Amino acid sequence: MIGPVDVPIVCIIYNRARMVRRLVDGLRRLRPRQLLIVADGPKRGDPADAEACARARAELDRIDWDCEIRRDAASGNLGCRRRILTGLDWAFGLVERAIILEDDIDADPRFFGWAARMLAAYENRDDVAMLTGHNPLVWWPDVMPGTAGIPSRRGGIYGWATWRDRWRAIRQTFKGEPGATACEDVAARGFDPALAALFTFYLDQARQVTSLSWDVEWSLRMAISGRIAIVSPVNLVHNLGLGPDATITRDGDDMLFFLPRGTYPDRAAADALLAPPCLRLLAEGADDPAYDRARVLLELLVRSRDPAMARRLARRGDLPLDAALRLHLLPFRHMEETRRLIEHLGRTGVDPAAIGRWRHALGDGAGQPGPAS
């Protein structure tokens, strides 16, 4: 038995009873003293969705420990973006800080202790926007001793935490300087070129009709505001929500959602990183450009739809390619660097089949496919 957890936990649910059941079972081990439930409602004219939403909400009746529960349940469907934004606005009208879990997040129990300690340590540091337990690189070899975190210009909402003042400040951040292009706005922040390319693409989209997902826009606003996220030095989260009943992401082959948890390279070493006896705060203005760059290259590689074509295009610097395509070619234009990231993941315990697919996608140095395993 672990707990009880004193930090309020926000749980975001919709219509998947099996996910809410798993979430409740996991929280029972922690016995949080305060739960804030944000529930989306059923789609209009869809009786099956209404029944599914009711079943999901009924799973909350299984909470059998001493706990204050407050609910913000929508009567109709608001959609992922609006429901989460309004729900977190409601939650941070009630509490000063919180850990946030969507119903498909399966967090290692150590995440909650790590998040609670970091929330307390950085409570008065306006430059730190959020804490996240999801580390897409599984672990990172260059964590500053005693800091228990990686300073990153990108966020992550698969098991995260923040404070009321940071939530509100970033929600109100203006998306750049009047009259400046997206490229000029991002260039002024001094990001690594790979991260700058990603943020320029997002910012350009945000200024057009295209609506960004709420988490991408949050990450963008955080970076433009000059704040950072602190990422757990080892991955502490599984996202179990992929599949046909997912609200957004239905691609069940995206291994970045289901990575090894809590290894560096073993549990004892991970515990030492996560819970140093004397926590050292990161310096104001700290960041880790190498970590952010590695994450961009890896994520673009994993989500490449036609790697053979990408390898061919990457060798042609004379083609007039649009910004989106140039962005997605980055892993193939930096093959050796990306290949080293794949080998790193191979050492962390990532599924060897996934490692084989990514090696095959990248090909060998001459642009020919490498071995499939």
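Cα centroid separation, the stretch 2-67 to the stretch 96-170: 22 Å. Calculate, in whole percent, how much of the Cα-Cα pair population of the stretch 87-225 lies beyond 17 Å. Value for the stretch 87-225 (Cα pairs over 17 Å): 64 percent.
Order of Met309, Met118 from fewest to most other C-beta atoms within 10 Å?
With the sparsest Cβ surroundings first, the list reads Met309, Met118.
For the stretch 213-224, backbone phi angles converted through the Karplus equation (6.51, -1.76, 1.60; θ = phi - 60°) give residue-by-residue couplings of 4, 4, 6, 5, 5, 4, 4, 5, 4, 4, 5, 5 Hz, Gly and Pro being listed as x. For the pair Gln208 and Asp351, a Förster radius of 30 Å applied to the C-beta separation gives a FRET efficiency near 0.20, rounded to the nearest 0.05. Overall size of the stretch 192-234 from C-alpha positions, given as principal axis extents largest first: 36, 23, 19 Å. Evaluated at q = 0.09 Å⁻¹, the base-10 log of the normalised Debye intensity for the chain, with identical point scatterers placed on the Cα atoms, takes the values -0.53. With the gyration tensor restricted to C-alpha atoms of the stretch 297-362, the semi-axes of the equivalent ellipsoid amount to 23, 10, 9 Å, longest first. The residue among Val302, Ala361, Ala323 whose Cα reaches farthest toward the positive pole of the charge dipole of the stretch 297-362, with charges on the beta-carbon of Lys, Arg, Asp and Glu, is Ala361.
For the stretch 297-362, averaging the sequence separation of C-alpha pairs within contact (under 8 Å, six or more residues apart) and dividing by the residue count gives a relative contact order of 43 percent.
Every helix of 4 or more DSSP H residues in the chain counts as -39500 (n - 2.57), and over all residues that averages to -12000 deg cm²/dmol at 222 nm. Spin-label model, Gln172/Glu123: points 7 Å from Cα along the beta carbon direction are separated by 2.2 nm. In this structure, Ser75 and Glu51 have a Cβ-Cβ separation that, at R0 = 22 Å, corresponds to a calculated FRET efficiency of about 0.90. Here the Debye sum runs over all C-alpha atoms of the stretch 109-149 as equal scatterers in vacuum, and log10 of I(q)/I(0) at q = 0.18, 0.21 Å⁻¹ comes out as -0.59, -0.79. Distance distribution P(r), the stretch 1-119, all Cα-Cα pairs, bin width 5 angstrom from 0: 2, 12, 23, 24, 21, 11, 5, 2, 0, 0 percent.
Divide the volume of the convex hull around the Cα atoms of the stretch 33-93 by the residue count and you get 71 Å³ per residue.
Report the calculated FRET efficiency for Arg82 and Met144 (r = Cβ-Cβ distance, R0 = 56 Å), to the nearest 0.05.
0.90
A short reminder: the numbers here are calculations on the coordinates, not readings from a lab. Worth saying up front: this structure is predicted, and the values here are computed from it rather than measured. Don't worry about glycine lacking a Cβ; one is built from the backbone with ideal geometry, like all the others, and counts go over all protein chains shown.
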